[in-house]
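**Student:** Got a structure for you, written out below as structure tokens; questions coming shortly.
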Number of protein chains: 2
Amino acid sequence: MFKETLQSIVEKTDGGLGAVIMGTDGLPVEKFFSAEAAEANLDVAAAEFTSLIRNAARSAKDLNLGEVRELVLSLDNVTLLMRALHREYFFLLAVRPDGNLGRGRYELRKAELMLAAEFAV
Amino acid sequence: MFKETLQSIVEKTDGGLGAVIMGTDGLPVEKFFSAEAAEANLDVAAAEFTSLIRNAARSAKDLNLGEVRELVLSLDNVTLLMRALHREYFFLLAVRPDGNLGRGRYELRKAELMLAAEFAV
């Protein structure tokens with residue numbers, strides 16, 4: 001079910017390259033990457049950028065600013081959208097710089113609601 | 001001129017709390033905060049989240065994904081929008097969670113173009 005959800009997010013998002021359900025420890029629960037994304041080593045990038053959301057969560061907590069809901073990182077070659085799914089898991093969606101970021105955000109939010117029961121542990 | 005630019009960004013963005021031109025070393029060049037933002041210690045948050053954009057830039061470079069253009073961090077209590085202005089400086093805009101993030105992004109991009117000459121060193 002996770003894989004189908006990820007594939008659906010990627011296919012519905014114009015410019016979608018890949019999606020992962022990631023643990024904040026950097027280990028993926030499930031992933032779906034297009035051939036283009038696999039070539040660009042986006043699975044390695046997903047693991048690398050896990051530390052970003054972990055550090056953001058720590059700083060936010062220290063500053064009493066609440067939990068991380070979403071983190072969007074736009075780079076020259078790819079845009080990475082990360083969305084908290086649970087305290088220990090998050091979605092990561094990779095989109096081409098000219099892709100439809102808004103649709104990606106919408107699809108992630110929808111998937112979050114669908115999977116909320118699964119991750120409400 | 002920097003202060004006026006920052007004030008204009010904050011005032012034009014619905015829910016805008018404060019804006020900073022920040023060095024990637026964590027020292028602000030100029031800042032403008034509303035009274036509400038000053039109370040919430042958003043100037044401290046700005047310095048704290050500098051490490052986030054610095055780490056993102058380092059990871060992106062390691063992975064050949066290019067430079068950081070923009071980083072948006074949505075927390076329960078505030079949304080932080082960071083936009084690269086130059087290799088060593090970036091804008092940070094703090095917006096209330098129910099504020100107009102899209103307008104904030106637009107205002108930062110406009111200001112980036114205006115200040116590009118100043119920072120093209």
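The values are calculated or read from the model by the stated rules, or taken from the named source; none is laboratory data. Model, not experiment: these values are computed from the prediction. Virtual Cβ from ideal backbone geometry, glycine too; neighbours counted across all protein chains shown. Heads up: the accessible areas ignore ligands, DNA and RNA and are worked out on the full protein's heavy atoms, side chains in. Shrake-Rupley method; radii C 1.70, N 1.55, O 1.52, S 1.80 Å.
**Student:** When A:A84 is evaluated against the numbered criteria (1) more than 8 Å from chain B (Cβ to nearest Cβ); (2) open to solvent by less than 10 Å² (accessible area, probe 1.4 Å); (3) of a type in the set (G, A, S), which criterion, by number, is the only one it fails?
**Tutor:** If we test A:A84 against (1) more than 8 Å from chain B (Cβ to nearest Cβ); (2) open to solvent by less than 10 Å² (accessible area, probe 1.4 Å); (3) of a type in the set (G, A, S), just (2) comes out false.
**Student:** Just wondering, is there one or more residues in segment B:78-95 that are among the hydroxyl-bearing types (S, T, Y) and farther than 20 Å from A:A57 by Cα? Outline the logic, then answer.
**Tutor:** Filtering segment B:78-95 down to residues among the hydroxyl-bearing types (S, T, Y) leaves B:79, B:89.
From the residues that got through so far, the ones that are farther than 20 Å from A:A57 by Cα too are B:89.
Yes, segment B:78-95 has at least one match.
**Student:** Could you pull out the residue among A:N77, A:N100, A:N55 that is surrounded by 14 or more Cβ atoms within 10 Å (Cβ to Cβ), among the polar types (S, T, N, Q) and more than 10 Å from chain B (Cβ to nearest Cβ)? Walk me through how you get there before you give the answer.
**Tutor:** Details: A:N77 fails: more than 10 Å from chain B (Cβ to nearest Cβ); A:N55 fails: more than 10 Å from chain B (Cβ to nearest Cβ).
After ruling out the rest, the residue left standing is A:N100.
**Student:** Scan segment B:85-93 and give yes if some residue there is more than 20 Å from B:E118 (Cβ to Cβ) and of a type outside the set (D, E, K, R), otherwise no. Talk me through it step by step, then tell me what you get.
**Tutor:** The first filter runs over segment B:85-93 and keeps only residues more than 20 Å from B:E118 (Cβ to Cβ), leaving none.
No, there is no match, as no residue in segment B:85-93 is more than 20 Å from B:E118 (Cβ to Cβ) and of a type outside the set (D, E, K, R).
**Student:** Kindly list, by first and then second residue, each pair from a residue in segment B:106-120 that is under 24 Å from B:G16 (Cα atoms) to a residue that is of a type in the set (D, E, K, R) and at pLDDT 90 or above, limited to pairs with Cβ atoms under 7 Å and residues at least 6 apart or on different chains.
**Tutor:** These pairs meet every condition: B:E107/B:K12; B:L108/B:R83; B:E112/B:R83.
**Student:** Go through segment A:11-24 and report how many residues are buried (at least 17 other Cβ atoms within 10 Å of the Cβ) and away from chain B (no Cβ under 14 Å).
**Tutor:** Pass one, segment A:11-24, residues buried (at least 17 other Cβ atoms within 10 Å of the Cβ): A:13, A:15-22, A:24.
So of that shortlist, the ones also away from chain B (no Cβ under 14 Å) come out as A:13, A:15-16, A:19-22, A:24.
The total comes to 8.
**Student:** Here's a follow-up. Looking at B:R105, B:R69, can you tell me which residue is at the interface with chain A (Cβ under 9 Å from one of its Cβ atoms), surrounded by fewer than 21 Cβ atoms within 10 Å (Cβ to Cβ) and basic (K, R)? Don't jump to the end; show me each part of the working.
**Tutor:** Numbers: B:R105 fails: at the interface with chain A (Cβ under 9 Å from one of its Cβ atoms).
Going through B:R105, B:R69 in turn, the sole match is B:R69.
**Student:** Can you name the residue in segment A:25-50 that is of a type in the set (S, T, N, Q) and open to solvent by less than 40 Å² (accessible area, probe 1.4 Å) and, of all such residues, is farthest from the chain's Cα centre (by Cα)? Full working, then the answer.
**Tutor:** Of all residues in segment A:25-50, those of a type in the set (S, T, N, Q) come to A:34, A:41, A:50.
Okay, now just the ones that are also open to solvent by less than 40 Å² (accessible area, probe 1.4 Å), so A:34, A:50.
Numbers: A:S34: 15, A:T50: 9 Å.
Step by step, filter segment A:25-50, then rank; the result is A:S34.
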